[in-house]
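The values are calculated or read from the model by the stated rules, or taken from the named source; none is laboratory data. Bear in mind the structure is a predicted one, so any value in this text is a computation, not a measurement. In this analysis, Cβ positions are derived from the backbone assuming ideal geometry, glycine residues included, and neighbour counts consider all displayed protein chains.
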Amino acid sequence: MMIRRLEARTQQVLRAVMRDYILRAQPVGSGKITKKYRLDMSPATVRNIMAGLEDLGLLEQPHSSSGRVPTDSGFRYYVDALLEPKPLHRDEKEFILNRVQDAPHDVDVIMQETSRALSYISHYTSLVSSPRLSQTVFERLDLMRLDRSRILMVLVSPTGVVYNRIIGDVRGLSQKDLDHAAEYLNRHIKGLPLAEAKEKIVEQMEAEKDQYDRILSRVWNSSRRVLEAEQADVYIDGQSNILDYPEFSEDLHKMKSLLRAFEEKEIMLQLLDMALEGMGIQVYIGGENQVEEMADCSLIATTYHQRGVPLGTLGLIGPKRMDYSRMIPIVDFTAKVVGAKLEEMEGQLTGS
């Protein structure tokens, strides 16, 4: 439900509850936070405000005799309305920059190093998806006959990344036929993301039905089936970090379910794809993740870009009491560093 903007004193109490719960993972009492956070009100007033926050669905009381803990809605309100991001320390920036910028000009290595850097500096679990093939800009396409029925398609991006795909069940075409088809396709895909290139080729086929010969038609239709089935890779690091948080380490079933989910590539890509469709930093809390095993987790994710085109996604998974004020700037900065690295690679290869 939509929560109206809270008055200043209520926000102050909710912020104090959040800070204390993020630090200790224990129910928060009114007396403790009144003193600890120097709230300019009595414990009784704080207790009444906390009861009001419970009525709004922002806090809940696990046991009648305990303090209160934030709900998913409470975390959502905190992230959307109360969060104060902390600037990254210089050494944190340098660590991320060095790990990514010093990586060889190999996209797989860059993604691996990015994932390792994120998990190390955050002490959460990191996820990084490889550049989506559909969003990758291509410089050249080559087609080579492998045997009587199979063709090797080689796609080369301006960053020097090479994608090899085998196309099966294409018979009766010579290497000369394939060279002719590749020459034609190159004229239309160079400098375009694959998603746009596919649309342009289809338009050309429809506009030039009479001139579009059977060789091009067969090659393109076979290639498109392979490319449309393409799935990105995902790099995950720091899975064991989750064991350092009591909400998981003290619940064996919850811990095992989450670790199994980390091993499922499709589940992890499903999470990252949510962020690929959004703008800027995306935060998914608890049930917002739409993955049952992630009901007690939050995901902070964003896209990395090359020349303004979103290529892939990176992020962090942790307990719902993540230190959002620190983790959001880390994720944002890392995405910018990865994008800059990919653009640097492109500039060196193109001489620009």
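Brief remarks follow.
- Any chance residue 100 is in the same structural domain as residue 339 (by TED's automatic domain parsing), among the aliphatic types (A, V, I, L, M) and exposed (fewer than 15 other Cβ atoms within 10 Å of the Cβ): no
- Sole residue being on the phi < 0 side of the Ramachandran plot and assigned to a loop (DSSP other than H, G, I, E, B), chosen from 53, 39: 39
- Residue in the stretch 120-133 that is touching a residue at least 12 places away in the same chain (Cβ under 8 Å), among the hydrophobic types (A, V, I, L, M, F, W, C), closer than 24 Å to residue 337 by Cβ and out of contact with any strand residue (DSSP E or B) (no Cβ under 7 Å at 6 or more places or on another chain) present: yes
- Applying the criterion of being surrounded by 14 or more Cβ atoms within 10 Å (Cβ to Cβ) and not polar (S, T, N, Q) to the residues of the stretch 253-264, the residue that is nearest to residue 302 (Cα to Cα) is 262.
- Of the numbered criteria (1) part of a helix (DSSP H, G or I); (2) surrounded by fewer than 19 Cβ atoms within 10 Å (Cβ to Cβ), the one residue 74 fails is (2).
- The stretch 2-36, residues that are at negative phi and part of a loop (DSSP other than H, G, I, E, B): 2, 3, 4, 5, 6, 7, 26, 27, 29
- Subset of the stretch 224-240 [of a type outside the set (A, V, I, L, M, F, W, C) and at pLDDT below 70]: 224, 225, 228, 230, 231
- Leading residue by the ranking (surrounded by the most Cβ atoms within 10 Å (Cβ to Cβ)) among those in the stretch 112-134 that are under 15 Å from the mean Cα position of the chain (by Cα) and over 24 Å from residue 243 (Cα atoms): 131
- Any chance residue 107 is in the same structural domain as residue 342 (by TED's automatic domain parsing), of a type in the set (A, V, I, L, M, F, W, C) and farther than 23 Å from residue 123 by Cβ: yes
- Condition broken by residue 85, with the remaining ones in (1) more than 26 Å from residue 118 (Cα to Cα); (2) modelled with pLDDT under 95 satisfied: (1)
- Every residue from the stretch 295-310 that is of a type in the set (D, E, K, R) and more than 24 Å from residue 79 (Cα to Cα): 307
- Among the residues here, residue 30 qualifies as surrounded by 19 or more Cβ atoms within 10 Å (Cβ to Cβ) and free of Cβ contacts under 8 Å to residues at least 60 places away in the same chain.
- Count of the stretch 1-18 residues which are touching a Ser or Thr at 6+ places or on another chain (Cβ under 9 Å) and surrounded by fewer than 20 Cβ atoms within 10 Å (Cβ to Cβ): 3
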